[in-house]
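Each remark here refers to the structure printed beneath this line.
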Amino acid sequence: MPANRAAQRLSEFGILFDSIDDPRPWMIETYCEWDAPATRHLPLFFEEPNLERLGYLHRNFLNDCGYETNPVVAECVQPFVSAAHFFGRVPFIPYIAGIQPPLEPVYTLGVDRPGSPVVYRDYLIPLSLRGTIYEAGVVCGILFGIP
């Protein structure tokens, strides 16, 4: 058997343990508590959470359990889906800015942790009166600005 260097090191700190009948003796002597990090970022107007956070490709190529039915086709189609997502959101930037103001921080608390099994979700733009007012203001400004 190799030498028990942990017992020698812990005895220097005055920590004694018996590793014969206790499978994890370090959990008794040390106290550790995990706290969710309060990281934040500015709003991401063009984010694709299923692709960027979870690695899921386009939804039409997923079966009921969330597994890809034809990954080769999905990998070929995904750049076009991402381009349509990007250019489809460009006209709605004022509306999205009304929902999430550009300089207001967004906290990632409540987002699924990395490595945890997560199902594919539909991330839709929510309804907002302020977003509608912003969008109408920009559209009217463009219409009245063009002679």
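Summary table below
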item	result
Every pair of residues 6+ apart whose Cβ atoms lie under 9 Å, when the first sits in the stretch 115-135 and is of a type in the set (Ser, Thr, Tyr) while the second is modelled with pLDDT under 95 and part of a loop (DSSP other than H, G, I, E, B)	Tyr120/Leu54; Tyr120/Tyr56; Tyr120/Gly66; Tyr123/Glu47; Tyr123/Glu48; Tyr134/Ser128
Residues (among the aromatic types (Phe, Trp, Tyr) and in contact with a helix residue (DSSP H, G or I) (Cβ under 6 Å, 6 or more places away or on another chain)) located in the stretch 118-147	Tyr120, Tyr123, Tyr134
Test: residue in the stretch 128-139 that is of a type outside the set (A, V, I, L, M, F, W, C) and at pLDDT below 90	no
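The values are calculated or read from the model by the stated rules, or taken from the named source; none is laboratory data. None of the values given here were measured: they were computed from a predicted structure. Glycine also receives a Cβ, built like all others from the backbone with ideal geometry; neighbour counts cover every protein chain displayed.
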